[in-house]
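Enquirer: Structure provided below as structure tokens; questions to follow.
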Amino acid sequence: SAPGEGPGGALEVWLDRLGEGDDPEIQQFRRQVKFDAMRTGGVQDLAAGRYSEALAKLTTAIELRPERADLHLFMALVAQRLESAELALRAWERALGLCPRILETPQGQKAQQLGLRFPSLAASTQR
């Protein structure tokens, strides 16, 4: 998308004007903006059926914040839609490992509304 479009777009343009700089607070703010844009954009792409785009954005969000169980849950759903059983199972296991009650959270309910199916345990025996 063009500069200023999409989740966090206008803020990204503003941050670009700040320059890279060495200020740790600005660097942290830039990472947070990027995370928010990737997470939000990934879930929006998922809901719109743009699974490859969702995969790329959620992968970036997970690299920035791997401790977020909701990201792994949405990744499991994207992987299911892309028919990648192994990735779906890994992401599902990671989400549960981080938050055993993830399905009870608003994010878990959203994933279920979007069609999350629980990965078959048979997939784990094929490794």
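The values are calculated or read from the model by the stated rules, or taken from the named source; none is laboratory data. What you are looking at is a predicted structure, and each value in this text was computed from that prediction instead of being measured. Note that we place each Cβ from the backbone using ideal geometry, even for glycine, and neighbour counts take in every protein chain shown. Quick note on the areas: whole protein, heavy atoms, side chains included, nothing else; ligands and nucleic acids left out. Shrake-Rupley method; radii C 1.70, N 1.55, O 1.52, S 1.80 Å.
Enquirer: Quick check: net charge around His72, other residues with Cβ under 9 Å of its Cβ, Lys/Arg +1 and Asp/Glu -1?
Expert: That sum, taken over residues with Cβ under 9 Å, equals +1.
Enquirer: Also, I was wondering about something else. Please list, by residue number, every one of the GluC sites (Glu not before Pro) in the stretch 57-89 that is coil in DSSP and has at most 13 other beta-carbon atoms within 10 Å.
Expert: On the way: sites: Glu63, Glu67, Glu83, Glu86; in loops: Glu67, Glu83.
Taking the stretch 57-89 and a limit of 13 other Cβ atoms within 10 Å, the loop GluC sites (Glu not before Pro) found are Glu67, Glu83.
Enquirer: Also, I was wondering about something else. Any idea how far apart Ala85 and Asp23 come out in nm if each label point goes 7 Å out from Cα toward Cβ?
Expert: Result for the modelled spin labels: 5.2 nm.
Enquirer: Would you kindly derive the ³J(HN,Hα) couplings of the stretch 64-69 from the backbone phi angles with the Karplus curve 6.51 cos²θ - 1.76 cosθ + 1.60 (θ = phi - 60°), listing them in order in whole Hz, with x for Gly and Pro?
Expert: In residue order, the calculated couplings are 7, 9, x, 7, 7, 4 Hz.
Enquirer: Send over a whole-number figure in Å² for the accessible area per residue of the stretch 35-90, probe 1.4 Å. Mind dumping the intermediate values first?
Expert: Details: 2390 Å² over 56 residues.
Here the residues of the stretch 35-90 average 43 Å² of exposed surface.
Enquirer: Could you work out what % of the accessible surface of the stretch 62-116 is carbon and sulfur, using a 1.4 angstrom probe and leaving DNA, RNA and ligands out of the count? Write down the numbers at each step before the final one.
Expert: On the way: 1390 of 2820 Å².
Roughly 49 percent of what the probe reaches on the stretch 62-116 is carbon or sulfur.
Enquirer: Separate question: Return the long-range amide H neighbours of Ser84 (sequence gap of 5 or more, or a different chain), with a cut-off of under 5 Å between placed amide H atoms.
Expert: Here nothing satisfies the definition.
Enquirer: If ligands, DNA and RNA are left out, what is the accessible area of Asp22 with a 1.4 Å probe, given in Å² to the nearest 10?
Expert: Approximately 140 Å² for this residue.
Enquirer: If I model a spin label as a point 7 Å beyond the Cα along the Cα-Cβ vector, how far apart are those points for Arg65 and Ser52 in nm?
Expert: Once both label points are built, they end up 2.7 nm from each other.
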